[in-house]
Amino acid sequence: MMNDPIQEKMFAQLRDKELFEHAKSYAYAYMDSVRDRSVFPTDQAIQALSIFDEPLPKAPSDPVPVLRLLHEHGSPATAAQTGGKYFGFVNGSSVPTALAAKWLSDVWDQNAAMYVMSPIVAQLESICEKWMVELLGLPAETSAGFVSGTTTATLCGLATGRNELLKHLGWDVNADGLFGAPNLRVVLGEQAHASVFKALGLIGLGRSRVELVPVDDQGRMMASRLPKLDKDCLVIVQAGNVNSGAFDPIDEICEQARRADAWVHVDGAFGLWAAGSRNKRSLTRGIEKADSWSLDAHKTLNAPYDCGIILCKHRQALVSTMQTTASYLVSSDKRDGMHYTLDMSRRARAVELWATLKSLGQAGVEELVDRLCAHAQAFAELLQTQGFRVLNDIVFNQVLVACDTPELTQATLDNVQKSGECWCGGAVWQGEPVLRISVCSWGTTRADVESSVAAFVRARNKAMASGGVSRP
Ligand SMILES: *Cc1c(COP(=O)(O)O)cnc(C)c1O
């Protein structure tokens, strides 16, 4: 009997590999040009995206033209995040071994939910759990769940903390929900990340029903201003302020929390990786005293997207919050990843995390962290030499820069973003607009920093020349 014609074509595509050869050559062309192209897509590239505006295709398309369309019109409209001169948000890049491992595991197309679905992925999740705990210096019993990013990881950590605190107050949230539950207090810094408030809203504790702790001029929680903690407190601290890179006084806060039996969650999206470097570890002093931690391997560690991790000292607490049971689900004495995360079906992101950690090793992680920090320091120094004002202490990879007036800062930022020579975002820091630089890619070199500083200077000159904004 003949196979269905569409199915037959797909078998042929797998057999003759032409499609995949095209994918490979497009990918190579991208890699070879990404350091030299416009860092943000040109207006022309963005306008050309209208080619994707078409009705839902009625009939199948030939695969090679599909891929060509994606490369010819898609590739130029990407932000060149892997080119070394992208400093927006806190966006990392991909170390080559991890990228290659992702290609291979894409072909595997494993579902990471359970051991029986993929013994190799279950194994690599277990290994990554162990390695992460050692690298970051966390308690040996800490367990890990592999999720899309820190937003989800924080949601998992805070939900677990909520359940555990209420359990100790005699209430089972899993069974009985929150209506009628004992009161919980949420304590966090005024500059906690937006995703933390989102998670608090989602888990029924409320975005606004919180006790905000004042912060200092770097955005660090002031431990001396912490309210009196108790066993009904969910405390959230930050390892790495998303703007300044500053770290909360984690040790002091954890000590107070420990005496009170409060739960401490650390949002360490990019900053927790400081613990992987002997030179930066002191920033994270006391993290091992917390109860749960969230971080992103797709930021400082430079694993491909998306790769977040929830770590929790209390394995049973995490599992009892996240687990799912049904008769068709075959749990085993091996690792079933879905019991540590929100998701059931998940992509096998631990493969890339494993490949990143394996290829870098502890020494490579340390070197990466130190290099990102050194480049941030160089950015700050060179920009200062050029008359820019640096508004934060450079403790990690973040640099906040301003010109002489808010108008000039804003116009300079616009020009930097349009220049194509590098890209950074903006933010408001202590009431004034800033250019916000995050050095987060392994591919950034000293020369990239220097040429980007030169681009900043040109952008400011252009802003001054175009009138309207002038130096006072
Ligand atoms: C990036 C970031 C988040 C959110 O992480 P996602 O991976 O984007 O969900 C949370 N907190 C901090 C401090 C961050 O830098």
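The values are calculated or read from the model by the stated rules, or taken from the named source; none is laboratory data. In this text, all values refer to a predicted model and were calculated from it rather than measured experimentally. For neighbour counting, all protein chains shown are included, and Cβ atoms are generated from backbone atoms with ideal geometry for every residue, glycine included.
What to note about this one:
- Any pair with Cβ under 6 angstrom, 6 or more apart, that starts in region 454-467 at a residue that is within 15 Å of GLN384 (Cα to Cα) and ends at one that is modelled with pLDDT of 95 or more and acidic (Asp, Glu): ALA455/GLU421
- Tabulated pairs, region 105-116, first in contact (Cβ under 8 Å) with a residue 40 or more places away in the chain, second assigned to a helix (DSSP H, G or I), C-beta under 6 angstrom, 6+ apart or interchain: SER105/VAL351; GLN110/VAL121; ASN111/MET117; ALA112/VAL121; ALA112/GLY337; ALA113/MET338; TYR115/ALA122
- Complete set of residues in region 279-327 that are among the basic types (Lys, Arg) and within 28 Å of ALA101 (Cα to Cα): LYS299
- Among the strands (runs of 3 or more DSSP E) confined to region 205-276, the ones with at least 1 residues that are at negative phi and within 11 Å of the ligand (Cβ to nearest atom) are located at 233-238, 263-267.
- Qualifying residue in region 351-359 (condition: surrounded by fewer than 22 Cβ atoms within 10 Å (Cβ to Cβ) and at pLDDT 95 or above): yes
- Residue in region 152-160 that is touching a strand residue (DSSP E or B) at 6+ places or on another chain (Cβ under 9 Å), away from the ligand (no atom under 16 Å from the Cβ) and under 19 Å from ASP343 (Cα atoms) present: yes
- Hits in region 127-165 (condition: of a type in the set (Gly, Ala, Ser) and under 21 Å from the mean Cα position of the chain (by Cα)): GLY137, SER143, ALA144, GLY145, SER148, GLY149, ALA153, GLY157, ALA159
- Matching residues, region 296-317, being buried (at least 21 other Cβ atoms within 10 Å of the Cβ) and farther than 18 Å from ALA140 by Cα: ASP296, ALA297, HIS298, LYS299, THR300, LEU301, ASN302, ALA303, PRO304, CYS307, GLY308
- Residues that are of a type in the set (Gly, Ala, Ser), closer than 21 Å to ILE203 by Cα and near the ligand (Cβ under 10 Å from one of its atoms) within region 288-330 comprise SER294, GLY308, listed in sequence order.
- Matching residues in region 167-185 - criterion: being hydrophobic (A, V, I, L, M, F, W, C) and closer than 11 Å to GLY204 by Cβ: VAL173, LEU178, PHE179, ALA181, LEU184
Each row is one residue, and each column tells you yes or no for (1) in a helix (DSSP H, G or I); (2) buried (at least 21 other Cβ atoms within 10 Å of the Cβ); (3) not basic (Lys, Arg).
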position	(1), (2), (3)
ASP106	yes, no, yes
CYS128	yes, yes, yes
MET132	yes, yes, yes
ALA153	yes, yes, yes
GLY157	yes, yes, yes
ARG162	yes, yes, no
ASN174	yes, no, yes
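- Of ALA303, ALA290, all but one fail to be in contact with a Leu (Cβ under 7 Å, 6 or more places away or on another chain) and not acidic (Asp, Glu); the exception is ALA303.
- Any chance LYS167 is in a helix (DSSP H, G or I) and away from the ligand (no atom under 16 Å from the Cβ): yes
- Enumeration of residues in region 26-85 that are of a type in the set (Asp, Glu) and outside any loop (DSSP other than H, G, I, E, B): ASP32, ASP43, GLU72
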